[in-house]
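Colleague: Structure below; questions to follow.
The values are calculated or read from the model by the stated rules, or taken from the named source; none is laboratory data. Just so it is clear, the structure is predicted and the values come from calculations on it, not from any experiment. Glycine gets a Cβ as well: all are built from the backbone with ideal geometry, and neighbour counts include every protein chain shown. Note: areas computed on protein heavy atoms with side chains; ligands, DNA, RNA excluded. Shrake-Rupley method; radii C 1.70, N 1.55, O 1.52, S 1.80 Å.
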There are 2 protein chains.
Amino acid sequence: MNKNYIIPNEWSIIEDGFDAENVEASESLFSIGNGSMGQRANFEEDYSGKTFQGSYIGGIYYPDKTRVGWWKNGYPEYFAKVLNALNWIGIHIQINQTNFDLNTCEISNFKRELNMKGGWLSRSFNAVLPSGEEIEVATKRFISVKYNETGAIQYSIKAVNFSGEITFSPYLDAGIENEDSNYNEYFWETIQIIEGENQGCILSKTLKTEFHVGTSMRVSFAMDNQEVQPRQEIAIQEKSLTYFYKLSVLKGETATIYKYGSYVSSLNYKNEELIDAAINNVSKAKEIGFETLLKEQIKSWNEIWHTADIVIDGDVKAQQGIRFNIFQLNQTYMGTDARLNIGPKGFTGEKYGGSTYWDTEAYCIPFYMATKDASVAKNLLLYRYNQLGKAIENAEKLGFKNGAALYPMVTMNGEECHNEWEITFEEIHRNGAMVYGIYNYVNFTQDFEYIAKNGLEVMIAIARFWHQRANYSAAKDQYVILGVTGPNEYENNINNNFYTNYLAKWCIEYTVECLNKVKHEFVEDFERIVEKTNLTAEETYKWLEVADNMYFPFDEEKNVFLQQDGFLDKEIIPVAQLPKSERPINQKWSWDRILRSCYIKQADVLQGMFLFENKFSPEEIERHFDFYEPITVHESSLSPCIHSILASSIDRIPKAYEQYLRTARLDLDDYNHEVHEGCHITSMAGTWMAVVQGFGGMRVWEDGILNFNPQIPKEWKSYSFTINFRGTIIKVYKSQKDCKFFNESEKEISLFVNNKKISIPSNKLVTV
Amino acid sequence: MNKNYIIPNEWSIIEDGFDAENVEASESLFSIGNGSMGQRANFEEDYSGKTFQGSYIGGIYYPDKTRVGWWKNGYPEYFAKVLNALNWIGIHIQINQTNFDLNTCEISNFKRELNMKGGWLSRSFNAVLPSGEEIEVATKRFISVKYNETGAIQYSIKAVNFSGEITFSPYLDAGIENEDSNYNEYFWETIQIIEGENQGCILSKTLKTEFHVGTSMRVSFAMDNQEVQPRQEIAIQEKSLTYFYKLSVLKGETATIYKYGSYVSSLNYKNEELIDAAINNVSKAKEIGFETLLKEQIKSWNEIWHTADIVIDGDVKAQQGIRFNIFQLNQTYMGTDARLNIGPKGFTGEKYGGSTYWDTEAYCIPFYMATKDASVAKNLLLYRYNQLGKAIENAEKLGFKNGAALYPMVTMNGEECHNEWEITFEEIHRNGAMVYGIYNYVNFTQDFEYIAKNGLEVMIAIARFWHQRANYSAAKDQYVILGVTGPNEYENNINNNFYTNYLAKWCIEYTVECLNKVKHEFVEDFERIVEKTNLTAEETYKWLEVADNMYFPFDEEKNVFLQQDGFLDKEIIPVAQLPKSERPINQKWSWDRILRSCYIKQADVLQGMFLFENKFSPEEIERHFDFYEPITVHESSLSPCIHSILASSIDRIPKAYEQYLRTARLDLDDYNHEVHEGCHITSMAGTWMAVVQGFGGMRVWEDGILNFNPQIPKEWKSYSFTINFRGTIIKVYKSQKDCKFFNESEKEISLFVNNKKISIPSNKLVTV
């Protein structure tokens, strides 16, 4: 695979020239989606080279039977996987009866562009077929943001050196398998195939979960931009529907097919309505027409960019990187449906088959919260609220009682579907992230009512978990939490992980604090919750006994909290002294060697200090940064952003920039040699944080105050970002020279810059 | 499955009455073997009920592709499995054209007997076929100890209520699969099928490993004990060879088929010799005849029992239990071939597909050493010596250097084939057992030359491993061993496991001690080894630096060594206080809960005190026993025997007896509901130790002195055992009243009883 083949550009991802080695990587990078569905940038025409076909519908999953080497008690029987759905983009093409397959052609002028400003994907190239015909192809494709069940393709072929016949055979293919299927099972059943004039539909259902999905297509044609209607022939096979259209072309003429596709599912319709709904969507799309749909698409994306864009001046690769991240985050999740969430690969691949990790609460909420309406972040919280029952069941399976909840490590529908004991059962800090997400949201939005109506129930269940999960150590005369895995997964089954213990203590304290507030301010809710949960004051005292006496490993001499008990028994050798040939250690070392080394995969103690920055002095943060940063290998995509933000907060901008670079173009430059499997969506939110919270120094303290402390790497001329703070759109510009704030709202606002209060009148720009 | 259906009997395992529920358990319990090959007690005739067909050849294995949920660096790609081999015992039977299938008959007078004294298996029963014919069946089968590639069957059918036709169709079946195949793959390829007059052969090879195996059969017939020769018909199919013989019977007559079978393999022959060798074996067997073979078989077993038997008077179930264990150990391993070893299930099942665990060194060597010639234990040591190169390669894969060796957790040919990181990479104490095995052997036999010729190379490689695996802890100013799993597998990835650290220190010290001795007493060997290993005095000083400064977790207040760092952070609740409904915890609790509990699966600190009893005072042992015994759940079959021996050593005979009962009839009474998968062979050696070393108090101290301290549980009238001590056969009798020693050898011997020296003249009985 080639690296660094993406052409730098401010608003587009561009591939120039065709290289079969890049096809799978580009399929990931050029993915398109609208938060409800998405697809890899597969070619519409046949391609016999290496390709990874993928099209995904949010919320449609399949519980694949678990595969393990050695079964451990408590493993879930199934691993819910995002399902590779029916292919609606496909168009077989024949030129004078020769099948057109890019893999067998001589290709020139190949260019692929993902236009992020407008949310569309295009390709253009010349191809000479083995039979000698040369064609010039231009395609454009998008998944509509406005009509979120619909996508559209424009596919034009110009006959360069021949007159003859072009056959377009648009099809729907239900014969789709998941690449990551554990037992090579087929996950779909075809129920009905409906043919029609220029349109058709396949009704399918998923096995086991019985999601019903209607997949439809509608086609139309043009010759040199004049609509034409060639004769249609039909082939129905067991799992596919194909139409054939022959168009005669003269040399120099261009034949175009428009293909509209749609997914509708039983998440949103009754089963019996699906065929009509699917057909209706594509008919409507045809009616509106490709050009109008595209204009609407550009408009939709303009609106998204208005509050989400980050402009970096003087560094086009950085500009492209940050926009790519923001673009993919929006393609993955738009926030309108509380049943959906943010999969680590979004709609760009299948790996980590579950949809939701703690990434959402720890990394993604800040982005969605600050670039969109508050309802979006709230939907992410409601997703977990709606799964509370399953989290309680999950904890019960592991021996917890009394309504204690353990949220799953990976989930689709609230059930755990991860099966690696040291993670599934032990990476329990994720439970703390659930509460932190609520705290973060309420802090940013001041929507405390959410806690009274929903959040508190989650918090109580989690406080109960921590209370039961900790145990009293007679040896320490304190409470300990044994046998955990922290965010740093290069340590397993450790005792007293600082991050986990800290979160546990904080969760209990914050829950009790909120309980008291709800008791006084939302009396009815309080009564409802107490009745529902059987909570008593005595129980909360027991929680507090644990929180008040929580043990934290600390080294007096070094004056730092230790990541876990016994950490200083390790040999501490800075990463800088590790030979390059030994890295990344997750590829070069056996697992046991990684575990007993001092090397940290991703921020752990520092992750805690990032989340609770205001509980630690700058000197403490600096001391811990200096202890842990040199031994952190950042072999998780979620790590460098946190280190970058902390480095910014202690005024180490060169370090912050170094770490920022590791995250901003992770996929575009394919650092980890794995972009062909999909993009790292959730870490993209970390990149956004590294700019806004890192360089921009944005904080919302617990007293509700918004503060900025903008700094700028010397490599940039300027940068700007926008946030939506409680309905007010604030644009922040930072250059090497100064810093400006623009208030887009109708009323004056106050905020703090470097802890000094400033006021910004409505629609005014203030320079600091 | 029924429990406790085995009829108590001093010399036989007996099943009385047919119950389909017991078939698979009985197939395990009634297994027969001769150390070179063995088989489950499957029926010869067809059986359409639940059955687990199994026949195994020592040393013939297949590397099955590893299956894991999540790949960890360092996992082996293959998991070598003992191979389920061709079926040679099968005889299809028709009575007047009706197929005889025990599962469809009315059965009465069913009796199955495994005669341990003579090493044969028999069945007798009456069966009424669905078509009404009643037959009386009597079978006898054994795997010859003397002709160790050959087995024999006598199968008689009496026509009880009819005159008619009995068709015997003896066959060889190569269409065999392993029940534990990871990918349902077929492991054998049939090369050639040879038919002949009353005899035939299938030549097969294993895929990948390309072991060639010839499987042959030879049949003969009798009517009412008169040899007859019915006409033979032949059917050859792709993977089987079947002969058909029709015998006319009158009511009351008995038709008998004798079937001789043989396995020969490329371990012992050239590939092109296999067919002849296989045919030759069965021809010879036919010539000798069933009755003579059986007499020889009984004689062979008499010789085995002469030095291996334990007699328990006054407790027939205990008597049956201990003999069953001794019998199965001998069926599994006879000690004549250094390429073979002792699989945890022997030839009775497939689970734990590899052949060799640390069980051999830690549990089995004492049994074979004391009941057989010294060459047998030496062969077990040579097995590891011959695999030293692979153990060094294995360590290299995990990042070790300079000829350090890590012996595999599970192996067939020296390559690791286990894939559970916390075991494969971390249960490294097994390396110490390799050295302990050598120490134990040399101590018992005084064959120090073995160390000079072979053992020392192994010891050096292991000392190098420990030296590299330990690291200096600045915090402790001592050496620590991080990230291990001890014998107690209910703790994973712990730091400073007492047992592991102790073994590591001891291994280094013992190696240096032996090095010095070899240097002075075996100068040539010393030079050879130094040249081969590049060992320098400086290197040994570095080892000793680690050994001298090894850290051991210790609690001052409780005055006990701790199983690992942080052990006292756990809640210590005695097993006795655990509700029965929560046990066994490995079935009732999720894995994380087990890990963070205080419960011990199998002796760990106590295992260390058992191995190095003379390094600890009786008070120390007692104190540790009192701390650890109450929290040990003994959910490993290898645990109770060690606790039993230690309890005996601190004069707690009731406790010792309680623990002994848990091990002696583990399979016969199917404590763990899993005997249908096979018997627990290696723990049977622990049962033997519990009598000889436990109640009998046999020790061989480092000064070479043999000591006994015989005690007796109040439940027994008396017991006796025999040991082969450096060529002298000593019989020990212990009754409630006194204790007697008989010296079977030609010269007087001295030994110690309760640390007092006694002398026993040749062929004399001395009462103490």
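Colleague: If I take R0 = 45 Å and measure r between the Cβ atoms of A:HIS306 and A:GLU538 in this structure, what FRET efficiency does the formula 1/(1 + (r/R0)^6) give, to the nearest 0.05?
Modeller: Here the calculated transfer efficiency is 0.30.
Colleague: Once you sort the root eigenvalues of the Cα gyration tensor of the stretch A:620-664 as a ≥ b ≥ c, which label holds: rounded (a/c under 1.5), prolate (a/b larger than b/c) or oblate (the other case)?
Modeller: Because a/c hits 1.5 or more and a/b fails to exceed b/c, the stretch A:620-664 counts as oblate.
Colleague: Residues of the stretch B:419-461 with accessible area at least 10 Å² lower in the all-protein-chain context than alone (1.4 Å probe)?
Modeller: Checking the loss per residue gives B:ASN419, B:GLU420, B:TRP421, B:GLU422, B:PHE425, B:GLU426.
Colleague: Output the residues of the stretch A:474-510 meeting this criterion: accessible area (heavy atoms, 1.4 Å probe) in the chain alone minus accessible area with all protein chains in place is 10 Å² or greater.
Modeller: Buried-area filter returns A:ALA475, A:LYS476, A:LEU482, A:ASN492, A:ASN493, A:ASN495.
Colleague: So how do A:416-429, B:219-232, B:86-99 stack up, highest first, on mean other-Cβ count within 10 Å?
Modeller: Order by mean packing, descending: A:416-429, B:86-99, B:219-232.
Colleague: When the Cα atoms of the protein assembly as shown are enclosed in a convex hull and the volume is divided per residue, what value in Å³ results?
Modeller: Normalising the Cα hull of the protein assembly as shown by residue number yields 216 Å³.
Colleague: Going 7 Å from the Cα of A:LYS476 along its beta-carbon direction, which residues of the stretch A:573-612 have the amide nitrogen within less than 16 Å of the resulting point?
Modeller: Once the point is set 7 Å along Cα→Cβ of A:LYS476, A:605 turn out to lie under 16 Å by backbone N, inside the stretch A:573-612.
Colleague: If we hang a label 7 Å off Cα along the beta carbon direction at B:GLU106, how far is it from the matching labels on the other copies, in nm, shortest first?
Modeller: 8.7
Colleague: Tell me, what % of the accessible area of the stretch B:1-65 is carbon and sulfur with a 1.4 angstrom probe?
Modeller: Details: 880 of 1930 Å².
Carbon and sulfur: 46 percent of the exposed surface of the stretch B:1-65.
Colleague: Can I ask one more? Please report, in whole Å, how far the alpha carbons of chain B spread along each principal axis, starting with the longest.
Modeller: Here the spans come out as 87, 59, 57 Å, largest first.
Colleague: Chains B and A: how much accessible area gets covered up at their contact, both sides added, probe 1.4 Å, in Å² to the nearest hundred? Before the final figure, lay out each step's value.
Modeller: Numbers: alone 28600 and 28670 Å², together 53380 Å².
Accessible area lost upon association: around 3900 Å².
Colleague: Which of the peptides A:706-718, A:152-164, B:316-328, B:614-626 is most tightly packed, and how do the rest follow, going by the mean number of other Cβ atoms within 10 Å of each residue? Don't jump to the answer; show the numbers that get you there.
Modeller: On the way: A:706-718: 17.5, A:152-164: 19.3, B:316-328: 23.5, B:614-626: 14.5.
Packing proxy ranking, top to bottom: B:316-328, A:152-164, A:706-718, B:614-626.
Colleague: Now for a separate question. So what is the diffusion coefficient of the stretch A:76-181 in µm² per second by Stokes-Einstein at 10 °C and 1.306 mPa s, using a Kirkwood Rh over Cα pairs?
Modeller: For these conditions, the coefficient is 98 µm²/s.
Colleague: Going by average Cβ neighbours within 10 Å, how do the peptides A:691-702, A:195-206 rank, with the highest at the top?
Modeller: Numbers: A:691-702: 21.5, A:195-206: 20.0.
Taking the mean over residues of other Cβ atoms within 10 Å, the ranking is A:691-702, A:195-206.
Colleague: Mind pulling the per residue volume of the convex hull built on the Cα atoms of the stretch B:548-605? Å³ is fine.
Modeller: Measuring per residue, one finds 111 Å³ for the Cα hull of the stretch B:548-605.
Colleague: Determine the share of the stretch A:576-616's accessible area contributed by carbon and sulfur atoms, expressed in whole percent, with a 1.4 angstrom probe.
Modeller: 46
Colleague: Determine the distance separating the Cα centre of the stretch A:47-94 from the Cα centre of the stretch B:538-611; give it in Å without decimals.
Modeller: The stretch A:47-94 and the stretch B:538-611 have Cα centres spaced 43 Å from each other.
Colleague: Given labels modelled 7 Å from the Cα in the Cβ direction, how far is it in nm from A:THR66 to A:ILE234?
Modeller: 4.7
Colleague: Among the aspartates and glutamates, which have Cα under 13 Å from the Cα of B:LYS117 when same-chain residues fewer than 8 positions away are ignored?
Modeller: Those aspartates and glutamates meeting the cut-off are B:GLU10, B:GLU296, B:GLU303, B:ASP309.
Colleague: Evaluate Rg over Rh across the stretch A:483-626, taking Cα atoms for both radii and Kirkwood's formula for Rh.
Modeller: Across the stretch A:483-626, the Cα-based Rg/Rh ratio is 1.10.
Colleague: Per residue of B:68-78, how many C-beta atoms from partner chains lie within 10 Å of its own C-beta, taken as a mean?
Modeller: Details: counts 5, 15, 8, 2, 8, 10, 6, 3, 0, 0, 0.
Neighbouring Cβ atoms belonging to other protein chains average 5 per residue here.
Colleague: Rounded, prolate or oblate: pick one for the stretch B:682-748, where a ≥ b ≥ c are the square roots of the eigenvalues of its C-alpha gyration tensor, a/c under 1.5 means rounded, and failing that, prolate if a/b is larger than b/c, else oblate.
Modeller: Since a/c reaches 1.5 but b/c is at least a/b, the shape of the stretch B:682-748 is classed as oblate.
Colleague: May I ask you to report, in nm to one decimal and beginning with the shortest, the distances from A:TRP70 to the same position in the other copies, taking label points 7 Å along Cα-to-Cβ?
Modeller: Spacings between copies for this position, smallest first, are 1.5 nm.
Colleague: Quick one: with label points 7 Å out along Cα→Cβ, list the inter-copy distances for B:PHE448 in nm, shortest first?
Modeller: 8.3
Colleague: Straight distance only, please: which lysines reach the Cα of B:LYS505 with their own Cα at less than 20 Å, same-chain residues fewer than 8 apart left out?
Modeller: Those lysines meeting the cut-off are A:LYS570, B:LYS401, B:LYS476, B:LYS517, B:LYS542, B:LYS615.
Colleague: Here is a follow-up. Would you work out what percent of the accessible area of the stretch A:312-358, with all protein chains in place, is carbon or sulfur (probe 1.4 Å)?
Modeller: For the stretch A:312-358, the apolar C and S fraction of the accessible surface comes to 52 percent.
Colleague: What accessible area per residue, rounded to a whole number of Å², is obtained for chain A using a probe radius of 1.4 Å?
Modeller: Roughly 35 Å² per residue, with all protein chains present.
Colleague: Next question, about the same structure. Which positions within the stretch B:590-616 get 30 Å² or more of their accessible surface covered by the other protein chains, compared to the chain by itself, with a 1.4 angstrom probe?
Modeller: For the stretch B:590-616, once contacts with the other chains are taken into account, B:SER590, B:TRP591, B:ASP592, B:ARG593, B:LEU595, B:ARG596 lose 30 Å² or more.
Colleague: Give the dimensionless ratio obtained when the Cα radius of gyration of the stretch A:10-110 is divided by 2.2 N^0.38 Å. Mind dumping the intermediate values first?
Modeller: Numbers: Rg = 18.2 Å, N = 101, 2.2 N^0.38 = 12.7 Å.
Dividing the Cα radius of gyration by 2.2 N^0.38 Å gives 1.43.
Colleague: Hey, how many Å between the Cα centroid of the stretch B:357-378 and the Cα centroid of the stretch B:121-147?
Modeller: After rounding, the separation between the Cα centres reads 36 Å.
Colleague: Between the helical axis of B:429-445 and the dominant principal axis of chain B, each derived from Cα atoms, what acute angle in degrees is found, rounded to the nearest 10?
Modeller: In chain B, helix B:429-445 runs at an angle near 80 degrees to the longest axis.
Colleague: To continue, here is another question. Where does the charge balance sit around B:LYS655 when Lys and Arg score +1, Asp and Glu -1, over other residues with C-beta under 11 Å from its C-beta?
Modeller: Residues near B:LYS655 contribute -3 overall.
Colleague: What's the minimum Cβ distance from chain A to the axis relating it to B, in whole Å, and which residue gives it?
Modeller: A:ASN493, 2
Colleague: Can I ask one more? For the pair A:ASN280 and A:GLN577, how long in nm is the line joining their label points, each one 7 Å along Cα→Cβ?
Modeller: With each label placed 7 Å out from Cα toward Cβ, I get 6.9 nm.
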